[in-house]
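The values are calculated or read from the model by the stated rules, or taken from the named source; none is laboratory data. What you are looking at is a predicted structure, and each value in this text was computed from that prediction instead of being measured. Neighbour counts are summed over all protein chains in view; Cβ atoms, including those assigned to glycine, are modelled from backbone coordinates with ideal geometry. Surface areas here come from the heavy atoms of the whole protein model, side chains and all, with no ligands, DNA or RNA. Shrake-Rupley method; radii C 1.70, N 1.55, O 1.52, S 1.80 Å.
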Amino acid sequence: MGGCDHERVSCSVLVVDDDSAFRDLAARVLTGWGHVVVGEAGSVADALERAEELRPQAALVDVGLPDGDGFVLAERLVALPWHVRVVLISSDADGAAVRAARQAGALGFVAKDELSGRELRHLLEGA
């Protein structure tokens, strides 16, 4: 269950953010693009549990979570046997975050205010 289904360009996605309103917004954007949001999580611990249970193809992960670091979570998700494709997000966007995302094994980094932009869609569907 590696990457997205490139014929239909749809992925099963886990949305990880401690803000439930943002998770809802992200889920609406992703489903609007034809992806299936299989679950949501508000913490690192919850995300790891949900990932094991749901085996998503991709995860949208906030950098700042109440019980840990989104970069470390990305490393753990990418290391799962089915290699979850991770895109990191944050309201604090800078060049260092993009580099750190790549170092953590994520496909990339997208600022939260660019959630519905082309970059996130490209990372999920085109990488």
I want the antiparallel fraction of DSSP beta bridges within the chain, as a percent rounded to 5.
15 percent
Given a 1.4 Å probe and every protein chain left where it sits, what share in percent of the accessible area of the range 35-127 is carbon and sulfur?
48 percent
Most to least packed among 65-71, 81-87 [average Cβ atoms within 10 Å]:
81-87, 65-71
Give the separation of the Cα centroids, the range 77-96 to the range 37-67, in Å.
11 Å
Convert 37 °C to kelvin, take the viscosity as 0.692 mPa s, use the Kirkwood radius over C-alpha pairs of the range 66-116 as Rh, and evaluate the Stokes-Einstein diffusion coefficient in µm²/s, rounded to a whole number.
296 µm²/s
Could you provide, to the nearest whole Å², the per residue accessible area of the chain with probe 1.4 Å?
48 Å²
Determine by what factor the alpha-carbon radius of gyration of the chain differs from 2.2 N^0.38 Å, reporting the quotient.
0.91
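Add -39500 (n - 2.57) for each DSSP H run of 4 or more in the chain, then divide by its residues: what number comes out at 222 nm, to the nearest 500 deg cm²/dmol?
Calculated from helices alone, the mean residue ellipticity at 222 nm is -12000 deg cm²/dmol.
Using the Cα centre of the range 4-127 as the reference point, and only Cβ charges (+1 on K/R, -1 on D/E), how large is the resulting charge dipole? Debye, rounded to the nearest 20.
Numbers: 12 positive and 21 negative charges, 99 e Å.
Roughly 480 debye for the range 4-127.
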